[in-house]
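Working notes, structure below.
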Amino acid sequence: MSQNGLSQRLEAALAGNKPVMVLEFGCAARNPFIPQETWAGDALQDMLTNRWPRVMGFSWWNSHWTNDNDPTHDTDMTLQGNPALASIFHQRLLTYSLKVQTTPVLMR
């Protein structure tokens with residue numbers, strides 16, 4: 001999904017008034033339209049700077065899978081597979097560390 005696609009989906013989801021979690025979002029390495037780390041950096045920046053104030057959390061889709069017999073066609077969305085991607089996560093989470101909840105919030 002393009003960054004614009006993520007924005008459009010979030011804008012639609014945020015039309016209500018309930019908290020939102022962005023789960024299993026990601027961008028594959030070798031994306032022909034935008035570098036993986038650029039896409040992730042922009043997405044993290046938007047979520048961590050309250051572009052969408054109702055977004056309460058997110059989960060990166062940290063996965064790799066084989067698509068066919070050609071390894072260049074494999075989908076790799078792992079942080080450990082791309083040092084630049086891991087670096088942008090580190091930078092953004094460090095920059096916005098006061099926005100990151102490190103312990104579970106339990107409600108009864």
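The values are calculated or read from the model by the stated rules, or taken from the named source; none is laboratory data. Treat the numbers as computed from the prediction; the structure is a model and nothing was measured. In this analysis, Cβ positions are derived from the backbone assuming ideal geometry, glycine residues included, and neighbour counts consider all displayed protein chains.
Name the single residue that is surrounded by the fewest Cβ atoms within 10 Å (Cβ to Cβ) among those in segment 26-37 being in contact (Cβ under 8 Å) with a residue 24 or more places away in the chain and not aliphatic (A, V, I, L, M).
Just the residues of segment 26-37 that are in contact (Cβ under 8 Å) with a residue 24 or more places away in the chain, to begin with: 26-30, 33-37.
Now narrow it down to the ones that are not aliphatic (A, V, I, L, M): 26-27, 30, 33, 35-37.
On the way: Gly26: 20, Cys27: 24, Arg30: 12, Phe33: 8, Pro35: 16, Gln36: 21, Glu37: 19.
This residue is Phe33.
Yes/no per residue for (1) in contact with a His (Cβ under 6 Å, 6 or more places away or on another chain); (2) of a type in the set (A, V, I, L, M, F, W, C); (3) modelled with pLDDT of 90 or more:
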{"residue": "Ser2", "(1), (2), (3)": "no, no, no"}
{"residue": "Val20", "(1), (2), (3)": "no, yes, no"}
{"residue": "Trp39", "(1), (2), (3)": "no, yes, yes"}
{"residue": "Ala43", "(1), (2), (3)": "no, yes, yes"}
{"residue": "Asp46", "(1), (2), (3)": "no, no, yes"}
{"residue": "Trp52", "(1), (2), (3)": "no, yes, no"}
{"residue": "Phe58", "(1), (2), (3)": "no, yes, yes"}
{"residue": "Asp70", "(1), (2), (3)": "no, no, yes"}
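Could you tell me which of the residues Leu85, Leu44 is of a type in the set (A, V, I, L, M) and within 26 Å of Pro19 (Cα to Cα)? Can you show your working first?
Numbers: Leu85 fails: within 26 Å of Pro19 (Cα to Cα).
One residue alone meets the criteria, Leu44.
Which ones in segment 48-93 are part of a loop (DSSP other than H, G, I, E, B), surrounded by 15 or more Cβ atoms within 10 Å (Cβ to Cβ) and acidic (Asp, Glu)?
Residue satisfying the conditions is Asp74 alone.
State whether one or more residues within segment 33-53 are farther than 27 Å from Leu94 by Cβ and of a type outside the set (Val, Ile, Thr). Break it down into steps so the answer makes sense when it comes.
As a first pass, look at segment 33-53 and keep what is farther than 27 Å from Leu94 by Cβ: 33.
Remaining after also requiring of a type outside the set (Val, Ile, Thr): 33.
Yes; the residues of segment 33-53 include at least one that is farther than 27 Å from Leu94 by Cβ and of a type outside the set (Val, Ile, Thr).
Considering only residues of segment 95-108 that are modelled with pLDDT under 95, in a helix (DSSP H, G or I) and of a type outside the set (D, E, K, R), which is farthest from Trp39 (Cα to Cα)?
So the residue we want is Leu98.
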